[in-house]
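Undergrad: Encoded as structure tokens, here's the structure I'll be asking about.
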Amino acid sequence: MGESGEKWGTKMFIGEYKHSIDEKGRVALPAKFRGKLADGVVITKGLENSLVVYTNNEWEKIADDIARMPYTQSNARAFSRMVLAGAHDCKLDRQGRINIPQNLREFAGLKTNAVVVGVYSRIEIWDVKEWEEYQSRIEKDSGQIAEQLDSFGM
């Protein structure tokens, strides 16, 4: 369904892959991603009930950005608590699987199947049904979304 690769020296994850979740809460990450994840990863709560997997280097950048958010702002505190308190260090096993902690599986509604999505510098893990519903909404609104990206210089 997709590929990942090095582009201009940047670690890049792209594509969509369906994987099962075993009885111990482990999910295999795509073989094309594994070389970039050999040093371990951090998995945490993402947006829209997804989970996010970062390389250790990318996690340091994200955590630093979150730490710089103003503690006096309630939304900043809430977001930092969600992302940082929900984070877990993980290592891939010999089969390229990570063990998703129970609290994160519950957050994302993961039971037996998941979709692993490469999103450039991060990997997202979704419940299959949630992903399909999300994709359907986004594809339906793609014209409006594209128009709004103009404000980002796209």
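Undergrad: Mind grabbing the base-10 log of I(q)/I(0) for the range 64-131 at q = 0.20, 0.21, 0.25, 0.26 Å⁻¹? Debye formula, identical points on the C-alpha positions, no solvent, two decimal places.
TA: Reported log10 I(q)/I(0), two decimals: -1.01, -1.06, -1.21, -1.23.
Undergrad: Residues in the range 30-52, backbone N under 16 Å from the label point at SER121 (7 Å along the Cα-to-beta-carbon vector): list them, ranges by number please.
TA: 42, 52
Undergrad: Using Cα positions and a limit of under 20 Å, work out the lysines in reach of LYS61, with same-chain residues fewer than 8 apart set aside.
TA: LYS7, LYS11, LYS36, LYS45, LYS91
Undergrad: Still on this structure, I have one more. Quick check on the chain: what does the Kirkwood estimate of hydrodynamic radius come out to from the alpha carbon pairs, in Å?
TA: 16.5
Undergrad: Out of residues 5 or more away from ILE100 or on other chains, whose amide H comes under 5 Å of its own, with H placed 1.01 Å from N in the peptide plane?
TA: ARG26, VAL27
Undergrad: Would you mind checking which residues have amide H under 5 Å from PHE13's amide H? H placed 1.01 Å from N; only 5 or more apart, or other chain.
TA: The list, which skips near neighbours in sequence, is VAL119, TYR120, SER121, ARG122.
Undergrad: Next up: Could you size up the charge dipole of the range 5-127 around its Cα centre, putting +1 on the beta carbon of Lys and Arg and -1 on that of Asp and Glu, and report it in debye to the nearest 20?
TA: 140
Undergrad: So how far, in whole Å, is the C-alpha centre of the range 116-149 from the one of the range 56-112?
TA: That distance is 19 Å.
Undergrad: Tell me which of VAL52, HIS88, LEU37 sits at the most positive position along the dipole axis of the range 5-127, charges placed on C-beta atoms (Lys, Arg +1; Asp, Glu -1).
TA: Of VAL52, HIS88, LEU37, it is LEU37.
Undergrad: Would you compute, from DSSP H runs of 4+ residues alone, the mean residue ellipticity of the chain at 222 nm, taking -39500 (n - 2.57) per run and dividing by the full residue count, rounded to the nearest 500?
TA: Dividing the helical sum by the residues of the chain leaves -10000 deg cm²/dmol.
Values in this text are rule-based calculations from the coordinates and carry no lab data. Only a predicted model underlies this, so the values are computations on that prediction, with no experimental measurement involved. Here Cβ is always computed from backbone atoms with ideal geometry, including for glycine, and neighbour counts include all displayed protein chains.
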